[in-house]
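Written out below as structure tokens is the structure these notes cover.
The values are calculated or read from the model by the stated rules, or taken from the named source; none is laboratory data. Predicted model, so just to flag it, every value in this text is computed and none were measured. Because the Cβ atoms are built from the backbone with ideal geometry, glycine has one as well, and the counts that use them run over all protein chains shown.
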Amino acid sequence: MRIAVDGSDCYAYTGSRALDAQKPAIVFVHGAANDHSVWALQSRYFAHHGYNVLAMDLPGHGHSGGAALATVEAIADWIPRVLDAAGIAKAAVVGHSMGSLATLACAARHPDRVTAIALLGPAVPMFVSDELLAAALDHDHVAYELINGWSFSAGKQLGGNAVPGMWLTGNAMRLMERTGPGVLHTDLLACRSYADGLADAVAVRCPVLAIMGERDLMTPVKGAQTMLAALADKRVVTLADTGHAMMAEQPDAVLDALRAFYRSGTSASQAFLFKPGRTLSG
Amino acid sequence: MSRPKTHRFDTLSLHAGSKPDPATGARATPIYQSTSFVFPDTDHAAALFNMERAGHVYSRISNPTVAVLEERVAALEGGVGAIATASGQAAMHLAIVTLLGAGSHIVASRSLYGGSHNLLDYTLPRFGIETTFVDPRSIDAWRAAIRPNTRLFFGETLGNPGLDVLDIPRVAGLAHECGLPLLIDSTFTTPWLMRPFDHGADLVFHSATKFLSGHGVVVGGVLVDSGRFDWDEGPARGKFPTLTEPYRGFHDMIFSEESTTAAFLLRARREGIRDFGACMAPFTAFQVLQGIETLPLRMARHVENTRRVVAFLAAHPFVSEVGYPELPGHPDHALAKVLLPRGCGAVFSFNLRGTRAQGRKFIEALKLFSHLANVGDAKSLVIHPASTTHFRMSADDLVKSGITEGTIRLSIGLEDPDDLIEDLGRALHSAEK
């Protein structure tokens with residue numbers, strides 16, 4: 001689905017389904033130099049199980065126009081404008097890596113629009129090496145190689161994809177290569193510059209699911225502990241032998257964690273209401 | 001800046017896509033000889049059918065053993081994924097029918113394997129898909145052949161049997177300028193000699209029957225997607241509705257929206273393999289995997305032996321011409337140095353100074369070389385193209401493809417090269433009499 005946000009043409013994957021005002025909504029926010037397709041299996045599942053899904057291409061990424069947003073806060077403030085453009089009052093937000101930071105900030109800054117969040121591979125602060133930033137600034141291919149090397153757990157560097165016939169690291173590389181010059185650098189700088197993560201975590205009042213990769217080298221589990229401790233209503237799922245690219249490495253485990261979160265308890269269910277008071281079928 | 005450690009070609013040949021079997025600890029990739037796979041529950045079953053979960057349903061669509069092979073070849077080619085098929089012909093057919101329908105047009109090199117030529121020139125027109133064959137060395141010919149309904153460029157890394165080296169960067173550049181993908185048959189070179197994606201190709205297929213499996217015991221094919229082509233952008237926009245418009249055969253899925261990088265493979269698996277059904281058997285995949293484990297070792301030896309044999313034949317007085325791009329007289333010698341620095345493979349043709357009868361005598365006098373219709377075996381092979389692999393082509397097409405009545409094609413195996421040279425020398429002497 002194409003929607004105009006801030007005058008720019010943006011793309012949202014909806015699972016080939018029209019939005020239905022009777023259904024709750026989930027917004028998926030991808031990480032640096034990625035696009036909506038990193039959520040392919042998970043977003044399609046929810047789109048076909050009772051939810052409106054908006055798996056976004058952030059500005060300057062994938063099929064979306066405009067320039068990449070320069071800060072995590074800018075992405076956080078962009079998400080409600082996506083909801084406005086789509087005619088959605090409230091939504092759950094799911095974010096990965098850079099997207100997880102934007103999701104956290106969005107929940108803190110727009111509590112009236114966000115009813116629950118899932119943070120996949122978060123770290124606060126999110127360390128980005130000078131070496132990686134410099135390579136990204138130069139649009140040097142080595143930046144993508146470094147990210148691929150750190151994103152997949154050692155076992156998955158040789159493949160073994162759950163999706164038949166797909167070469168995990170090759171697919172991730174090709175997706176990153178599609179981003180335009182400067183986009184990765186903008187994204188990485190946004191991650192490194194996000195300084196309010198802890199304060200935002202304290203401010204979040206909605207239920208939070210955190211999904212961590214046990215073997216995540218990009219955003220190691222320990223890098224999220226302080227932020228997670230500051231959250232009021234949280235559930236943490238750690239995926240064994242999994243790296244940062246967890247939606248690709250363990251697509252079913254990620255989906256199951258999200259499904260369990262949505263189906264559990266009153267607060268979590270309410271979090272995914274499209275309109276207050278309506279129950280879910282998911 | 002230090003580069004991150006990534007696994008190299010030889011390591012990927014042995015390991016990509018596989019791991020010890022989690023159930024039994026088996027180190028070799030098990031042969032999952034099962035048509036179907038049990039669903040944990042009904043929701044899981046529905047999710048698998050609707051592409052919401054990853055896994056296997058039915059071995060025509062995918063199979064765990066076959067998937068290891070697909071992932072391995074994709075890794076070696078530098079692609080995003082692959083689909084293994086019943087043969088190389090099936091892989092080529094799958095590529096074409098995933099993108100083209102009745103009313104579409106292909107521009108192809110005229111230096112092709114005879115079976116590919118048959119499919120394009122005789123069979124596909126019956127289904128409304130036409131092909132214009134061009135001199136692969138003339139970029140102007142490629143350009144001039146483009147029609148409004150052209151949807152694909154096609155050629156071989158090394159043309160069969162004259163070993164024309166396709167200038168993939170130039171041909172791909174023209175294709176992309178016109179919003180068209182370039183499909184490459186990479187059977188003769190394998191990814192060890194050249195990775196066409198590194199030079200701009202968009203899709204690659206192999207007859208895995210040949211060097212990938214390497215031992216002449218199995219028939220199979222593999223189709224690989226680079227994941228680079230923008231099916232719905234720029235000059236390609238509107239040209240590929242099978243990938244960019246809702247598909248009624250799969251819940252109105254729009255494949256280019258479903259996957260940014262693998263829309264082609266999604267459609268090929270969800271339609272082409274599902275409906276045409278030319279899938280690879282798990283035992284076949286196992287055999288090809290065994291072959292690929294030694295691909296780097298074998299290809300190095302194939303090329304080394306071929307250089308020895310080529311040098312012998314080129315110096316022999318009863319041989320009028322040897323068509324091998326590493327020879328300075330070959331028209332693509334300079335291009336081969338750029339695109340094929342490791343070598344130009346192990347299949348080549350040469351012409352005898354003699355009659356067709358002398359050619360027949362030569363073939364029949366060979367003892368080590370097997371006279372049969374195949375290439376890429378560990379054992380050395382010989383054939384007379386004009387009367388076998390290319391016999392359906394017209395005399396005019398044969399000449400354009402560089403084939404004469406005296407052309408003999410060799411596929412050099414892994415025997416001791418001195419034994420091969422002795423066998424050839426004896427047969428040449430016999431034919432000269």
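Does the range B:47-65 hold any residues that are at the interface with chain A (Cβ under 7 Å from one of its Cβ atoms), in contact (Cβ under 8 Å) with a residue 12 or more places away in the chain and hydrophobic (A, V, I, L, M, F, W, C), and which are they?
Selection gives B:MET51 alone.
Of everything in the range B:247-259, what is in a loop (DSSP other than H, G, I, E, B) and in contact (Cβ under 8 Å) with a residue 24 or more places away in the chain? Give them in sequence order.
Scanning the range B:247-259 gives a single hit, B:HIS251.
Just to be sure, is B:PRO169 part of a loop (DSSP other than H, G, I, E, B) and either under 22 Å from the mean Cα position of the chain (by Cα) or surrounded by fewer than 23 Cβ atoms within 10 Å (Cβ to Cβ) (or both)?
no
Looking only at residues in the range B:66-91 that are under 17 Å from B:CYS279 (Cβ atoms) and surrounded by fewer than 24 Cβ atoms within 10 Å (Cβ to Cβ), which one is farthest from the other protein chains (Cβ to nearest Cβ)?
B:GLN89
For every residue, the table says whether it meets (1) buried (at least 24 other Cβ atoms within 10 Å of the Cβ); (2) under 21 Å from B:SER87 (Cα atoms); (3) more than 11 Å from chain A (Cβ to nearest Cβ); (4) aliphatic (A, V, I, L, M).
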site	(1), (2), (3), (4)
B:VAL222	yes, yes, no, yes
B:TRP231	no, no, yes, no
B:ALA236	no, no, yes, yes
B:THR244	no, no, yes, no
B:HIS251	no, no, no, no
B:ALA263	yes, no, no, yes
B:GLN287	no, yes, yes, no
B:LEU297	no, no, yes, yes
B:ASN305	no, no, yes, no
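With the checklist (1) more than 23 Å from B:THR189 (Cβ to Cβ); (2) part of a loop (DSSP other than H, G, I, E, B); (3) within 11 Å of chain A (Cβ to nearest Cβ) in hand, flag the one item B:HIS44 doesn't pass.
With respect to (1) more than 23 Å from B:THR189 (Cβ to Cβ); (2) part of a loop (DSSP other than H, G, I, E, B); (3) within 11 Å of chain A (Cβ to nearest Cβ), B:HIS44 is out only on (2).
Taking the conditions exactly as written (surrounded by 21 or more Cβ atoms within 10 Å (Cβ to Cβ), touching a residue at least 24 places away in the same chain (Cβ under 8 Å), in a helix (DSSP H, G or I) and touching a Leu at 6+ places or on another chain (Cβ under 9 Å)), does B:LEU410 satisfy them or not?
Against the criterion (surrounded by 21 or more Cβ atoms within 10 Å (Cβ to Cβ), touching a residue at least 24 places away in the same chain (Cβ under 8 Å), in a helix (DSSP H, G or I) and touching a Leu at 6+ places or on another chain (Cβ under 9 Å)), B:LEU410 does not qualify.
Within the range B:262-297, can you find the residues that are β-branched (Val, Ile, Thr) and either within 22 Å of A:HIS48 (Cβ to Cβ) or in a helix (DSSP H, G or I) (or both)?
Within the range B:262-297, B:ILE273, B:THR284, B:VAL288, B:ILE292 qualify.
State all residues of the range B:367-406 that are of a type outside the set (A, V, I, L, M) and over 26 Å from B:VAL303 (Cβ atoms); if no residue qualifies, say none.
Listed by number, the residues that qualify are B:SER387, B:PHE391, B:ARG392, B:SER394, B:ASP396, B:ASP397, B:LYS400, B:GLU405.
Checking B:GLU77 against (1) at pLDDT 95 or above; (2) over 27 Å from B:PHE211 (Cβ atoms); (3) of a type in the set (Asp, Glu), which test does it fail?
Evaluating B:GLU77 over (1) at pLDDT 95 or above; (2) over 27 Å from B:PHE211 (Cβ atoms); (3) of a type in the set (Asp, Glu) leaves (2) as the failure.
Do we have A:VAL29 as touching a residue at least 40 places away in the same chain (Cβ under 8 Å), away from chain B (no Cβ under 14 Å), within 27 Å of A:ALA70 (Cβ to Cβ) and crowded, with 24+ Cβ neighbours inside 10 Å here?
Considered against the rule, which asks whether it is touching a residue at least 40 places away in the same chain (Cβ under 8 Å), away from chain B (no Cβ under 14 Å), within 27 Å of A:ALA70 (Cβ to Cβ) and crowded, with 24+ Cβ neighbours inside 10 Å, A:VAL29 comes out as yes.
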